[in-house]
Each structure stands twice: as structure tokens, then as C-alpha cells.
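Take a look at the structure set out below.
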């Protein structure tokens with residue numbers, strides 16, 4: 001985009017009656033044509049903006065973005081006296097009041113990330129603050145950039161700074177013993193699917209202990225970010241962009257938090273009966289079902305054996321009581337005494353009534 005086109009877009013984008021001043025404090029509000037004659041001017045509406053401005057109050061700041069690996073600003077407006085500068089990025093029309101949650105989060109990421117990287121004194125977006133007017137002769141102006149989307153700008157920000165903006169602490173690689181390798185969830189054709197399948201098992205484990213959706217989303221985002229840093233480079237040529245990681249974490253967290261009650265039931269120690277707990281491990285869905293069924297079978301066998309021993313003990317006690325009271329220990333009498341059907345006793349416990357030498361053996 002040529003300098004002339006950029007300047008013309010600037011004239012079109014600023015408010016019809018912007019604030020303006022000869023100094024840093026607002027002193028006038030004029031029509032656009034008159035306001036453009038002032039060295040300091042308001043460039044965004046309170047509800048709709050096209051520019052993000054970073055105020056760099058230190059010498060030789062005009063090219064500081066190159067040291068940080070950031071894209072060239074649409075306008076770099078330099079104070080000729082002290083060489084302080086305003087870096088202005090054109091982002092297109094952004095509705096501050098009616099933007100979606102994801103768009104507002106992108107704006108926050110860009111504002112926070114670039115402010116951190118550029119060591120900016122302040123950031124001017126939709127606030128009623130004045131910016132050095134790139135059309136005024138008082139300033140030296142470098143015009144080299146083009147309009148950017150927020151998605152483009154955010155890709156230049158390191159993941160650690162993006163997570164810091166969300167209040168998430170990135171765990172050091174040496175501490176990441178909880179990251180599950182891609183071995184069972186690797187999709188050679190898709191980084192995103194590999195991350196998604198791996199991270200959802202982690203989300204299943206922590207869903208019930210997370211106090212809120214926000215907490216769950218933060219933990220899942222941290223997990224997928226670390227997967228992207230450690231596991232993805234082992235199998236793929238490049239990492240997943242941060243915006244896609246956010247979408248993956250949000251998708252997993254939304255479904256998992258919505259279904260956490262059913263997950264709580266599914267993750268109980270089903271059919272334990274003294275077996276090691278199933279919690280705290282990652283399970284493939286098919287493997288989980290197989291293991292649960294096997295444990296249920298073991299539990300059923302254990303329960304059946306315990307009930308059989310208890311019934312034999314009750315029958316033997318009833319027979320002993322009959323013998324001591326000089327009654328004939330018949331199956332009918334024993335069934336009456338212990339509350340069991342005579343048919344059941346005849347079918348399963350007849351061996352307890354075997355006689356040796358005319359006496360029922362106990």
C-alpha cells in the first residue's frame with residue numbers, strides 16, 4: 001500500500017468531529033478538516049476504531065519493532081526533538097461495543113502483547129486520548145506498513161506472553177511430567193487432531209475438580225500449549241498457531257464442562273473390590289470399557305463367592321441349632337429359620353445335609 005493511499009485512508013477513518021490539541025491535553029473539538037491542522041488528534045471513535053497506537057517514550061524507538069520481530073507499523077510518527085514515537089497499526093473497523101467475545105480477546109492479546117514487547121508507555125485504542133497526527137508537519141513520519149487483521153498481529157506474540165495476559169503460568173519443560181506423549185493419539189496428517197485427541201483425555205480427568213468453566217479452560221489451554229511446545233515438534237515441521245490452540249482448548253472445555261456430571265459417574269472406581277483405582281490415568285474409550293467390564297466380572301465373582309460363604313454359614317448355624325435342640329434338621333425347617341426358599345437350598349446347598357453314620361455333618 002503506497003503512502004498516499006495510507007494517508008487518504010487515515011483521513012477517511014478518523015471521526016467527523018475529533019478531539020484535537022496543540023499539546024497533550026484535549027483543548028478543541030472541530031470538524032475533520034480543521035482538526036487535521038492540529039499536531040495531536042483523536043483517531044478512533046469511542047465505539048468504532050481502525051487504529052491501535054503504542055506510545056514509546058524513549059530514544060531510537062522508531063525501529064524498536066524490528067528488534068522485537070514485530071511487523072512494520074502502518075505509521076511511525078516521530079518527535080523530532082527527543083525522537084520519541086507513536087507506532088500506529090491500522091486494523092480496519094473494529095466495533096468496540098458490539099464485537100464478539102473472541103474478537104475482544106484478540107484485541108486484548110494484541111494490546112497486551114505488543115505493549116510488553118515494545119515497552120510501550122501506554123496503548124491508545126478507543127480511549128479519548130490524543131495521537132501524534134501523521135499528517136502534520138511537526139512530526140517526522142515513516143509509512144511502511146499496511147492494514148493488518150488482529151489475527152495477523154497476534155501471531156507475532158510469543159505464547160508465554162499470550163498466556164500471561166490470561167493469567168496462566170507456563171510450566172517449565174523439566175516440570176512437564178504430566179504431558180502424555182502422542183503415541184496413542186498421533187494423527188500423522190493433522191497436528192490439530194493429535195492435540196485434540198490427546199488433550200480431551202486430560203480434560204476428562206480434571207473436569208470434576210475444576211471449580212468453574214474458566215478454570216477448566218485455562219488448564220486445558222496450558223496443557224495444549226505445552227503439547228504444542230514439546231510433542232508437536234517431534235512429529236511435525238511447525239507448531240500450531242496460538243489462535244488455533246485457543247479454539248481447541250475452548251472446544252474441549254465447553255463439551256467437557258457441560259457433561260462433567262456424567263464424567264463424574266464414569267470415572268468412579270467401577271467394580272473395584274480391592275483392585276487398584278482407575279483414577280489418575282489416561283484411558284482410551286475402548287480400553288476403558290474393556291477394563292471396566294473385566295473388573296465388573298471380577299467384582300461379580302467376588303460378590304457371588306462372598307454370598308455363597310455367608311449362606312453356607314447361615315445354613316450350618318441353623319443345622320447346629322436344630323441338632324442342639326434335638327430337632328430334625330430338615331431343609332424345610334432350615335429354610336424357615338434363615339428365611340431362604342427350600343428350592344434354593346435343595347438346588348445349591350444339599351451337600352450340607354449329607355449324613356455320615358446317620359448324623360448330619362457340620
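Results, tabulated for the structure shown:
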item: Top-ranked residue in the stretch 224-253 [being without any contact (Cβ under 8 Å) to a residue 24 or more places away in the chain and part of a helix (DSSP H, G or I); ranked as surrounded by the most Cβ atoms within 10 Å (Cβ to Cβ)]; result: 247
item: Residues within the stretch 336-346 that are closer than 14 Å to residue 312 by Cβ and free of Cβ contacts under 8 Å to residues at least 24 places away in the same chain, tallied; result: 1
item: Residue in the stretch 87-102 that is closer than 18 Å to residue 133 by Cβ and either touching a helix residue (DSSP H, G or I) at 6+ places or on another chain (Cβ under 6 Å) or at pLDDT below 90 (or both) present; result: no
item: Residue match in the stretch 127-139 (condition: surrounded by 17 or more Cβ atoms within 10 Å (Cβ to Cβ) and part of a helix (DSSP H, G or I)); result: no
item: Residue that is nearest to the chain's Cα centre (by Cα) [pool: residues in the stretch 64-97 that are on the phi > 0 side of the Ramachandran plot and loosely packed, with under 14 Cβ neighbours inside 10 Å]; result: 69
item: Selected residue (only one of 50, 61 is surrounded by 17 or more Cβ atoms within 10 Å (Cβ to Cβ) and part of a loop (DSSP other than H, G, I, E, B)); result: 61
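Per-residue answers, yes or no, for (1) under 14 Å from residue 236 (Cβ atoms); (2) crowded, with 17+ Cβ neighbours inside 10 Å; (3) at pLDDT 80 or above:
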position: 179; (1), (2), (3): no, yes, no
position: 185; (1), (2), (3): yes, yes, no
position: 191; (1), (2), (3): yes, yes, yes
position: 195; (1), (2), (3): yes, yes, yes
position: 209; (1), (2), (3): no, no, no
position: 218; (1), (2), (3): no, yes, yes
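The values are calculated or read from the model by the stated rules, or taken from the named source; none is laboratory data. Quantities reported herein were computed from a predicted structural model and do not represent experimental measurements. Please note: Cβ atoms are built from the backbone with ideal geometry, for glycine as well, and neighbour counts cover all protein chains shown.
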